Amino acid sequence: MKTPKLYVADTGLLCALLDIGTEEELQRSPNFGAVWETFVFAQLRYRERLAGRSGRVFFWRDRTREVDFLVDTGGRIELFEAKSTELPAPADAASLAAVRQAIGPSKVIGAALVSRAANSFPLGDELRAIGVGDLA
């Protein structure tokens, strides 16, 4: 049986619950990736609410692949993977490419790895690494 993902909407509250009090503690924490994913989710939810599309953020998981966020934009899909790294590599986007193929490239309007990178850049095969500020 698969368990749905659960996000705490406020990453400050999440860090308090995890007893993380400073940025240094967060970066050393084994929960750093989960906190980053929660932050990206909150930013996507905000973006979707501004666009009048609340409740349209999902995730994909099958036996071999997982993509953190699928955003339904009215019949077409955007794919996002959250990685807390500052310099993502093409291998970090392997699930994005596989899920895009599974859904059908014509139904996917974009696929991006959301990271702590300062600038966006291509990861190959129509995949991009973007910073969280580029979600707008």
Self-check item: Matching helices (runs of 4 or more DSSP H) fully within region 1-65 where at least 3 residues are surrounded by 17 or more Cβ atoms within 10 Å (Cβ to Cβ) and among the hydrophobic types (A, V, I, L, M, F, W, C)
Solution: 32-50
Exercise. Kindly establish whether GLY75 is modelled with pLDDT under 90, over 30 Å from ALA16 (Cβ atoms) and either assigned to a helix (DSSP H, G or I) or over 13 Å from the mean Cα position of the chain (by Cα) (or both).
Key: yes
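The rows are residues; the columns are (1) over 19 Å from GLY133 (Cβ atoms); (2) in contact with a strand residue (DSSP E or B) (Cβ under 6 Å, 6 or more places away or on another chain); (3) not aromatic (Phe, Trp, Tyr).
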| site | (1), (2), (3) |
| --- | --- |
| VAL35 | no, no, yes |
| PHE41 | no, no, no |
| LEU50 | no, no, yes |
| ARG53 | yes, no, yes |
| PHE58 | yes, yes, no |
| SER95 | yes, yes, yes |
| GLY110 | no, yes, yes |
Exercise. List every residue pair whose Cβ atoms lie under 8 Å apart, where the two residues are 6 or more positions apart in sequence or sit on different chains, the first residue falls within region 48-66 and is touching a residue at least 40 places away in the same chain (Cβ under 8 Å), and the second residue, located anywhere, is small (Gly, Ala, Ser) and not in a loop (DSSP other than H, G, I, E, B).
Key: ASP62/ALA102
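The values are calculated or read from the model by the stated rules, or taken from the named source; none is laboratory data. Small disclaimer: the values here were computed from a predicted structure and weren't measured. Cβ sites come from the backbone with ideal geometry, for glycine too, and all protein chains shown count toward neighbours.
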